[in-house]
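Novice: Structure in structure tokens, see below.
The values are calculated or read from the model by the stated rules, or taken from the named source; none is laboratory data. No experiment lies behind these values; they were computed from the predicted model shown. FYI the Cβ positions are ideal-geometry reconstructions off the backbone, even for glycines, and counts take in every protein chain you see. The area values use the complete protein model at the heavy-atom level, side chains included, leaving out ligands, DNA and RNA. Shrake-Rupley method; radii C 1.70, N 1.55, O 1.52, S 1.80 Å.
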Amino acid sequence: MNIKIHLIAAARPNFMKIAPLYHALSKEDWATPVIIHTGQHYDINMSDVFFKDLRLPSPHIHLGIGSGSHAEQTGHVMIAYEKVLMETRPDLVVVVGDVNSTMACTLAATKITYNHAMLSNSSNHATPANHSPFTFHHSRGLRPLVAHLEAGLRSFDRTMPEEINRIVTDSLADILWTPSPDGDENLQNEGVSKEKIDRVGNIMIDSLEMLREAIKAQNIYKDYQLPKKGFGVVTLHRPSNVDDPATLFKLCDVLINISKKTPLIFPLHPRTKRSLESFRLTSSLESAEGIILIEPLNYINFMNLIFNCRMAITDSGGIQEETTYLGIPCFTLRPNTERPVTVTQGTNQLCNPEDLENRIAQAFSGKTGKTMVPELWDGQTAGRIIESIKFHLRHV
Ligand code: UD1
């Protein structure tokens, strides 16, 4: 049996989610993992450097979509991926996270019909009679199964594009791999049947553990003369923080104040860089003595900063999880999070620009509550996914 599995990657936070699964599937003789890059992120430092760090081959198929409005990006991915689906006919499509491409590929894969006539005309492809047991046989024909990795997360904030992507993806996917119990609960509250849900843990921790030694071997914080455990790492890219001039102005002001006590290093996402430039805020950050603005970093160097920092100030999803795993205080500039275990069990605090300085001062005033690493965030998630795939393979 040869099960063709598409692993969809699109944007920076996706690459560390597909890498452990690609490596694990490559060792299985029944599986052929195929990496599909939609091209939503395309700068070398937003994409290629991650493939190198995560020891991934170049994408087998690149859709080259690039930037655009939500509808443009989603539509372009759907059109391009539908063609790839018809030409390559995978048995299983794995989508990860919550970016536009995640939703677009889910829509394309759950609506496709592998045409019966085409199937029987081609000797290279499965025929209806001997199609893979893993391909979903529905009333109109055949389509691949779709699995969502990082399913069930909800911020309950539909102004976030990611929340829409999560809801659509989870309502269509056939297999839902969740990272934490809240994910299972959210899905069941939305009427998803239990049989579709497998709690597998947090796949990002697999990447972190795979590269722990390489991360520790770097000294990037020293290159920037930052004191070990005495600096903060800042990342911001959410439209709610960086697209509005008044909010971004306030945030810059607060960061400059914080940097008078604790030096901050701030790798700039392209969206944030563009906003800072157009709102003429770059020079005020550049001239602050305690702030170092840099280009986006590769995975290993970025994680070396996180391993050695005193705190993270962020609006990223992944950094909330990585800091919880590592026990590093994290201040998340958002009113909500789709990753509540990082707050209830981990080191994460939700803040706004007005209370950020106070929250930091309190966190370092001596009294810190006990935190813990959530269950199944252990570097073994890819192995549990392999078992889940084998289980579904037997039961389709
Ligand atoms: C996307 C995801 C977000 C994720 C983030 C991680 C959606 C809706 N958003 O947001 O969930 O947290 O990725 O970074 O899918 N750009 C470049 N080079 C690149 C990529 C982007 O210059 O390689 C610039 C372009 O001007 C683009 C803008 O950044 O228009 C935003 O990129 P886009 O992929 O639309 O959204 P992100 O803000 O990166």
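Novice: So how far apart, in nm, are the two label points at Glu286 and Glu354 if each is 7 Å from Cα heading toward Cβ?
Specialist: So the label points at Glu286 and Glu354 sit 3.3 nm apart.
Novice: Report the residue, chosen from Arg158, Arg199, Arg212, that carries the largest GNM mean-square fluctuation when the chain is represented by alpha-carbon nodes joined by springs under 10 Å.
Specialist: Top of the fluctuation ranking is Arg158.
Novice: When N counts the residues of the range 245-346, how does its alpha-carbon radius of gyration compare numerically with 2.2 N^0.38 Å, as a ratio?
Specialist: Values: Rg = 13.9 Å, N = 102, 2.2 N^0.38 = 12.8 Å.
Its radius of gyration relative to the 2.2 N^0.38 Å reference: 1.09.
Novice: With a cut-off of at most 13 other beta carbons within 10 Å, and DSSP calling the residue loop, which chymotrypsin sites (Phe, Trp or Tyr not before Pro) in the range 169-243 qualify? Please list them.
Specialist: Listed in order of number, the matching sites are Tyr224.
Novice: Please give the charge dipole size of the range 2-121, origin at the Cα centre, charges +1 on K and R Cβ atoms and -1 on D and E Cβ atoms. Round to the nearest 20 debye.
Specialist: 120
Novice: Another question, if that's okay. Antiparallel versus total DSSP beta bridges in the chain: what percent is that, nearest 5? Mind dumping the intermediate values first?
Specialist: On the way: 4 of 43 bridges.
If we restrict to bridges inside the chain, about 10 percent are antiparallel.
Novice: Moving to a separate point now. Can you work out the FRET efficiency for the pair Glu185 and Gln225, with r the C-beta to C-beta distance and R0 = 30 Å, to the nearest 0.05?
Specialist: 0.05
Novice: Just to be sure I follow the definition: excluding the sites themselves, where is the longest run in the chain that has none of the GluC sites (Glu not before Pro) in a DSSP loop with at most 10 other Cβ atoms within 10 Å?
Specialist: Free of exposed loop sites, the longest segment is 1-288.
Novice: Moving to a separate point now. 5 Å is the cut-off here: which amide hydrogens, built 1.01 Å from N in the peptide plane, fall below it relative to Trp377, excluding neighbours closer than 5 in sequence?
Specialist: Result for Trp377 returns Asn202.
Novice: Then there is this: Pick from Ile35, Ile18, Ile258: which residue has the top mean-square fluctuation in a GNM of the chain where Cα pairs under 10 Å get a spring?
Specialist: Largest GNM mean-square fluctuation: Ile258.
Novice: Rounding to the nearest 20 debye, state how big the charge dipole of the range 245-396 is about its Cα centre with +1 on each Lys and Arg Cβ and -1 on each Asp and Glu Cβ.
Specialist: In total the dipole reaches around 160 debye.
Novice: Hydropathy at least -0.5 by Kyte-Doolittle, axial extent at least 20 angstrom from the Cα trace: which helices of the chain, defined as entire DSSP H runs, fit?
Specialist: Result, helices passing both filters: 12-26, 70-88, 245-259, 381-395.
Novice: Now, a different point. For Thr113 and Phe364, FRET efficiency with R0 = 56 Å and r from the beta-carbon atoms, rounded to 0.05? Walk me through the numbers on the way to the answer.
Specialist: On the way: r = 58 Å, r/R0 = 1.04.
Efficiency, from the Cβ-Cβ distance: 0.45.
Novice: Please list, by residue number, everything in the range 234-264 whose backbone N is under 16 Å from a paramagnetic label point 7 Å out along Cα→Cβ of Asp43.
Specialist: Flagged as within label range: 234-239, 242-243.
Novice: Ok, one more. Under 10 Å, Cα contacts only: if you run a Gaussian network model on the chain, which one of Ser180, Ser284, Ser155 comes out with the highest mean-square fluctuation?
Specialist: Its mean-square fluctuation being the largest, the pick is Ser284.
Novice: Within the range 310-382, list the trypsin sites (Lys or Arg not before Pro) lying in a DSSP loop whose Cβ has at most 15 other Cβ atoms in a 10 Å radius.
Specialist: Details: sites: Arg310, Arg359, Lys367, Lys370; in loops: Arg310, Lys367, Lys370.
Sites meeting the loop and neighbour criteria: Lys367, Lys370.
Novice: Set the Förster distance to 25 Å, then compute FRET efficiency between Arg394 and Ser240 from the Cβ-Cβ distance, nearest 0.05.
Specialist: About 0.05, to the nearest 0.05.
Novice: Please list, ordered by chain and number, the residues whose modelled amide H lies under 5 Å from the amide H of Thr32; skip anything fewer than 5 residues away on the same chain.
Specialist: The list, which skips near neighbours in sequence, is Ile3, Lys4, Ile5.
Novice: Continuing with this model, one more query. Per Stokes-Einstein, at 10 °C and 1.306 mPa s, what whole-number D in µm² s⁻¹ belongs to the chain, with the Kirkwood radius over Cα pairs as the hydrodynamic radius?
Specialist: 73
Novice: Would you please classify the overall shape of the range 168-260 from the alpha carbon gyration tensor, given that a ≥ b ≥ c denote the square roots of the eigenvalues, rounded means a/c under 1.5, and beyond that prolate means a/b larger than b/c while oblate covers the rest?
Specialist: Taking the square roots of the gyration eigenvalues as a ≥ b ≥ c, the range 168-260 is oblate.
Novice: Kirkwood hydrodynamic radius of the range 254-312 from all distinct Cα pairs, in Å?
Specialist: Evaluated on the range 254-312, it is 12.3 Å.
Novice: Within the accessible area of the range 277-333, what % is carbon and sulfur when the probe is 1.4 Å and the other protein chains stay in place? Intermediate values should be presented prior to the final figure.
Specialist: Values: 810 of 1820 Å².
Its accessible area is 44 percent carbon and sulfur atoms.
Novice: Farthest toward the dipole's positive end in the chain, which of Pro181, Pro144, Pro296, given Cβ charges of +1 (Lys, Arg) and -1 (Asp, Glu) about the Cα centre?
Specialist: Pro296
Novice: Further, regarding this structure: Charges at C-beta only: +1 for Lys and Arg, -1 for Asp and Glu. How large is the resulting dipole of the chain about its Cα centre, in Debye rounded to 20?
Specialist: In debye, rounded to 20, the chain gives about 360.
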